[in-house]
Amino acid sequence: MTLTITQTGATLGAIVTGVDLANLNDASWVDIERAFLAYAVLIFPSQNLSEAEQIRFGSRFGRIEQLVADREIVPISNQRADGTLLKDDEHGMQLMRGNEGWHTDSSYMPLAAKASILSAHVVPAAGGQTEWADMRAAYDALDEVTKARIAELSAYHSLYYSQGRIGHQGVVGSSYGFHTDDPPLRPLVKVHPVTGRKSLFIGRHAYGIPGLALEESEKLLEGLVRFACQAPRTYSHAWQPGDVVVWDNRCVLHRARPFDHGEPRVMKHTRVAGERASELAVRSRRIAQ
Ligand SMILES: [Fe+2]
């Protein structure tokens with residue numbers, strides 16, 4: 001088997017074939033890690049990983065976040081274990097609907113995520129794609145006035161805020177992200193801890209830029225997302241069962257596309273925690289000291 005990495009036509013993303021992620025040797029891992037840093041989204045078709053294999057692959061990237069107590073892999077699905085489907089007003093569906101807005105994972109936690117892995121198990125006949133947008137290329141494409149304007153700005157990140165915007169009232173303790181900590185404050189411009197590239201760190205969880213009126217802050221943040229998430233900086237993947245994708249939350253936004261909720265969609269997710277030196281929010285860092 002020869003590991004082959006084929007770039008998408010977008011500024012991010014590559015399709016990786018000729019590798020068995022369940023039996024990854026160290027030489028292939030070196031190639032994959034290099035490609036992850038270069039392309040930020042890697043798509044591995046037809047891997048059909050077991051849960052244990054997905055967790056093991058995730059562990060190559062770092063420490064895994066437990067989104068549910070003692071679980072390193074969680075379903076993202078509109079189907080319960082007994083096969084019945086969730087109704088649109090249920091908590092899990094509200095979270096899935098929220099995922100249809102551009103975001104980066106765990107930016108609302110004191111420690112934001114490094115990477116996310118998603119695998120497809122049951123896919124609907126239409127829709128349900130995942131899309132990614134390249135925040136490195138988006139930053140590079142900004143005009144100099146905007147770069148100067150945002151250089152010193154930060155925003156709070158909150159899942160209460162983002163879910164509230166779609167009419168979902170989050171309750172403390174109801175699921176991951178609905179915590180009692182103060183919302184983390186994060187710079188709008190993030191320097192990648194490995195590549196050193198600057199990128200926009202924005203998305204639906206971001207709000208309330210200190211020093212700006214709330215409306216002005218929303219207008220700026222929404223304008224940045226609108227500008228950033230456009231061709232050639234976006235890539236869309238139509239899932240087939242067995243596909244595995246990993247992406248770099250430190251420089252990529254992603255969103256789910258809608259699908260008919262009368263059909264099951266079963267995905268499994270593993271999230272890799274960021275590094276304290278680079279993904280721990282400044283305020284949280286101060287509190288921790
Ligand atoms: Fe997500």
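Of the residues 250, 271, the single one that is of a type in the set (Lys, Arg) and either part of a strand (DSSP E or B) or within 13 Å of the ligand (Cβ to nearest atom) (or both) is 271. Filter the stretch 195-221 down to the residues that are touching a residue at least 40 places away in the same chain (Cβ under 8 Å) and loosely packed, with under 15 Cβ neighbours inside 10 Å, then identify the one that is nearest to residue 91 (Cα to Cα). Restricting to residues being touching a residue at least 40 places away in the same chain (Cβ under 8 Å) and loosely packed, with under 15 Cβ neighbours inside 10 Å, the top hit is 210. Among residues of the stretch 243-262 that are touching a residue at least 60 places away in the same chain (Cβ under 8 Å) and within 19 Å of residue 193 (Cβ to Cβ), those with a beta-carbon under 8 Å from a residue that is among the charged types (D, E, K, R) and within 12 Å of the ligand (Cβ to nearest atom) at least six positions away or on a different chain give the pairs 249/105. Residues that are exposed (fewer than 14 other Cβ atoms within 10 Å of the Cβ) and among the β-branched types (Val, Ile, Thr) were ranked within the stretch 67-93; the one that is modelled with the highest pLDDT is 84.
Number of residues in the stretch 253-267 that are away from the ligand (no atom under 13 Å from the Cβ) and among the basic types (Lys, Arg): the value is 1.
Within the stretch 176-190, the set of residues being loosely packed, with under 15 Cβ neighbours inside 10 Å and in contact (Cβ under 8 Å) with a residue 40 or more places away in the chain comprises 181, 182.
Filtering the stretch 230-289 down to residues that are among the aromatic types (Phe, Trp, Tyr) and in contact with a strand residue (DSSP E or B) (Cβ under 6 Å, 6 or more places away or on another chain), which residue is surrounded by the most Cβ atoms within 10 Å (Cβ to Cβ)?
247
Taking the stretch 113-122 as the range and being in contact with an Asp or Glu (Cβ under 9 Å, 6 or more places away or on another chain) and either among the charged types (D, E, K, R) or away from the ligand (no atom under 12 Å from the Cβ) (or both) as the test, the residues that pass are 114, 119, 120, 122.
Once the stretch 87-107 is narrowed to residues that are touching a residue at least 12 places away in the same chain (Cβ under 8 Å) and away from the ligand (no atom under 12 Å from the Cβ), the residue that is nearest to residue 133 (Cα to Cα) is 97.
I'm checking my understanding of the structure. Among residues of the stretch 195-230 that are touching a helix residue (DSSP H, G or I) at 6+ places or on another chain (Cβ under 6 Å) and of a type in the set (Val, Ile, Thr), which one is farthest from residue 278 (Cα to Cα)? Among them, the one singled out is 209.
Taking the stretch 69-109 as the range and being in a helix (DSSP H, G or I) and aliphatic (A, V, I, L, M) as the test, the residues that pass are 93, 95, 96.
Quick check on my filter: what residues within the stretch 64-82 are in contact (Cβ under 8 Å) with a residue 40 or more places away in the chain and in contact with an Asp or Glu (Cβ under 9 Å, 6 or more places away or on another chain)?
In the first step, residues of the stretch 64-82 are kept if they are in contact (Cβ under 8 Å) with a residue 40 or more places away in the chain; the result is 64-65, 67-68, 72-79.
Selection gives 64, 65, 72, 73, 78.
When the stretch 150-172 is filtered for residues that are exposed (fewer than 14 other Cβ atoms within 10 Å of the Cβ), within 21 Å of residue 281 (Cα to Cα) and of a type outside the set (A, V, I, L, M, F, W, C), only 152 remains.
The values are calculated or read from the model by the stated rules, or taken from the named source; none is laboratory data. As the structure is a prediction and not an experimental result, all values here were calculated from the model. With ideal geometry, Cβ positions are generated from the backbone for all residues, glycine too; neighbour counts draw on all protein chains shown.
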